[in-house]
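Asker: Structure provided below as structure tokens; questions to follow.
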Amino acid sequence: MIARVTDGLPLAEGLDDGRDLVDAEMYKQQVKALFKNLSKGHNEASRMSIETGPYIFHYIIEGRVCYLTMCDRAYPKKLAFQYLEDLKNEFERVNGAQIETAARPYAFIKFDTFIQKTKKLYLDTRTQRNIAKLNDELYEVHQIMTRNVQEVLGVGEKLDQVSQMSSRLTSESRVYADKARDLNRQALIRKWAPVAIVLGVVFLLFWVKTKLW
């Protein structure tokens, strides 16, 4: 799947992916949640592997676009990221100028043709082409972090909770401040009202006296 990072808008997808996959809908929901987290800036790594059940999500972020694929755990990490690099290079070449202006989901769904063609090249890890890529010392993936999907998605949920709690505390503190001002006003009134009444009576008597005399 390919999505815009700024708002999580899906741009393209391999159309036949997941047809025979058990719990395919659950994995798609995880991907959507991941894109949502990325749009909020919760995961800033430009390259990451995320474990989910017997599979791993691999993604790269380039030019504010996320390119993600799901592989079996046994599939070589190096090939997965080179596959994503191929998708990225072609997607930028063909659609780069229109990425920012895309307004509807899957605006570049025709890119599926290239996704399918490229995927076939990477399926068999034993081909001479893929063995050469695995032996390519210029492309290393040792530094790419691997995390668990619950950990990654949980970060976003916790940050959302913290944000909600912060907003709630801010709102409650405003209410408390307003109540405190009201109580202070009432206390001042109770404290000075008798004095004001006495002074008023004295002033009234003095005024009456001056008028009569």
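Asker: Distances longer than 19 Å among the Cα atoms of the range 36-106: what percent of all pairs is that?
Answerer: For the range 36-106, the share of Cα pairs beyond 19 Å comes to 41 percent.
Asker: Still on this structure, I have one more. Highest mean first, how do 143-151, 73-81 rank when packing is the count of other Cβ atoms within 10 Å averaged over residues?
Answerer: Highest-to-lowest ranking by the protection proxy: 73-81, 143-151.
Asker: Moving on. How far is the Cα center of the range 36-74 from the Cα center of the range 90-135, in Å?
Answerer: Taking the Cα centre of the range 90-135 as reference, the centre of the range 36-74 is 16 Å away.
Asker: Using modelled amide H (1.01 Å from N, peptide plane; none on Pro or chain starts), what sits under 5 Å from the amide H of residue 48, excluding residues fewer than 5 places away?
Answerer: HN-HN under 5 Å from residue 48: 59.
Asker: Right, here's the next one. Among 107, 118, 139, which residue has its Cα positioned farthest towards the positive end of the charge dipole of the range 103-151, with +1 placed on the Cβ of Lys and Arg, -1 on the Cβ of Asp and Glu, and the dipole taken about the Cα centre?
Answerer: 107
All of the numbers you see were taken from the coordinates with simple rules; none came from a lab. Please read all numbers here as calculations on a predicted model, not as lab measurements. Virtual Cβ from ideal backbone geometry, glycine too; neighbours counted across all protein chains shown.
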